[in-house]
């Protein structure tokens, strides 16, 4: 897991130390010392504790609402586009709708 994936105050292990997230790229040791955590750092959950990653939310979409929103967007894009762009937008719309099937 990466530091930007976990919430503020979450505990994790990095380079053998147990740290608590205190900022977007910083963490504190249990004794209070601050450490910079690079974005590329791979962090581990603390042994015996639940992962600090938030549980993935299940999300469902209403297909009719998605298509209606897309068609509204597409009609606005057609009004704003010149003739050449309209042909490209029509082709893109066809590819989008085909990808849904």
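The values are calculated or read from the model by the stated rules, or taken from the named source; none is laboratory data. Here the structure is a predicted model, which is why all the values come from computation and not from measurement. All Cβ positions, even for glycine, are placed from backbone atoms using ideal geometry, and neighbour counts span all protein chains on display.
Restricted to the stretch 19-34, and to residues there that are touching a helix residue (DSSP H, G or I) at 6+ places or on another chain (Cβ under 8 Å) and surrounded by 12 or more Cβ atoms within 10 Å (Cβ to Cβ), the residue that is farthest from residue 4 (Cα to Cα) is 27.
Among the conditions (1) over 23 Å from the mean Cα position of the chain (by Cα); (2) surrounded by 11 or more Cβ atoms within 10 Å (Cβ to Cβ), residue 16 misses just one, which is (2). Only a single criterion out of (1) free of Cβ contacts under 8 Å to residues at least 24 places away in the same chain; (2) under 30 Å from residue 93 (Cα atoms); (3) over 19 Å from the mean Cα position of the chain (by Cα) is not satisfied by residue 32, namely (2).
The residue that is modelled with the highest pLDDT, counting only those in the stretch 35-78 that are in contact with a helix residue (DSSP H, G or I) (Cβ under 8 Å, 6 or more places away or on another chain), more than 15 Å from residue 9 (Cα to Cα) and in the same structural domain as residue 7 (by TED's automatic domain parsing), is 41. Checking each residue in the stretch 13-24 for being part of a loop (DSSP other than H, G, I, E, B) and in contact with a strand residue (DSSP E or B) (Cβ under 6 Å, 6 or more places away or on another chain) picks out only 22.
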